[in-house]
Amino acid sequence: MSNLIEYDDASAEVRAVYDDIRATRQTDYINNFWKALAQHPPTLRRTWETLKEVMTSPGELDPLTRELIYIAVSVTNGCEYCIASHTAAAHAKGMNEAMFGELLAIIATANTTNRLANGYRVPVDEQFKV
């Protein structure tokens, strides 16, 4: 297991990122993902700034939809940590168990049809090209 950098042991640079995470998420909790990334402060800062921009800035996708997409990619990539953390976030934003079941069915179906299309090298229909 990697070293997790706790707030009290963190450099000023890392504490500044932790403080921003706490303020943005309105919590005192810093999860293990950020504590692990704190081993390399530039990666911590860059990753947090990107995630904050993509996941919390106003846009066309609502917060729950963003979390569902994050879960879908995490399931496909096999990231246990991201599946767990973003499933918890999706529940907090209104996802119920029925929605989660539908989401997993869509993920499984998309992965199956993607592999079939790639395996058969199916040419893209002209009407689908943008």
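The values are calculated or read from the model by the stated rules, or taken from the named source; none is laboratory data. Since the model is a prediction, treat every value here as computed from it, not as a measurement. Cβ sites come from the backbone with ideal geometry, for glycine too, and all protein chains shown count toward neighbours.
Within the option set 105, 92, being aliphatic (A, V, I, L, M), outside the structural domain of residue 13 (by TED's automatic domain parsing) and under 26 Å from residue 38 (Cβ atoms) holds for one residue only, 92. Total residues in the range 72-125 satisfying the condition of being under 21 Å from the mean Cα position of the chain (by Cα), in a loop (DSSP other than H, G, I, E, B) and among the β-branched types (Val, Ile, Thr): the figure is 0.
Let's see how each residue does on (1) surrounded by 15 or more Cβ atoms within 10 Å (Cβ to Cβ); (2) over 21 Å from residue 88 (Cα atoms); (3) among the small types (Gly, Ala, Ser):
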| position | (1), (2), (3) |
| --- | --- |
| 11 | no, yes, yes |
| 16 | no, yes, yes |
| 19 | no, yes, no |
| 27 | no, no, no |
| 32 | no, no, no |
| 36 | yes, no, yes |
| 45 | yes, yes, no |
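Please determine, by comparing only the residues of the range 71-127 that are hydroxyl-bearing (Ser, Thr, Tyr) and either surrounded by 13 or more Cβ atoms within 10 Å (Cβ to Cβ) or in contact (Cβ under 8 Å) with a residue 24 or more places away in the chain (or both), which one is farthest from residue 52 (Cα to Cα). Checking each candidate, the answer is 76.
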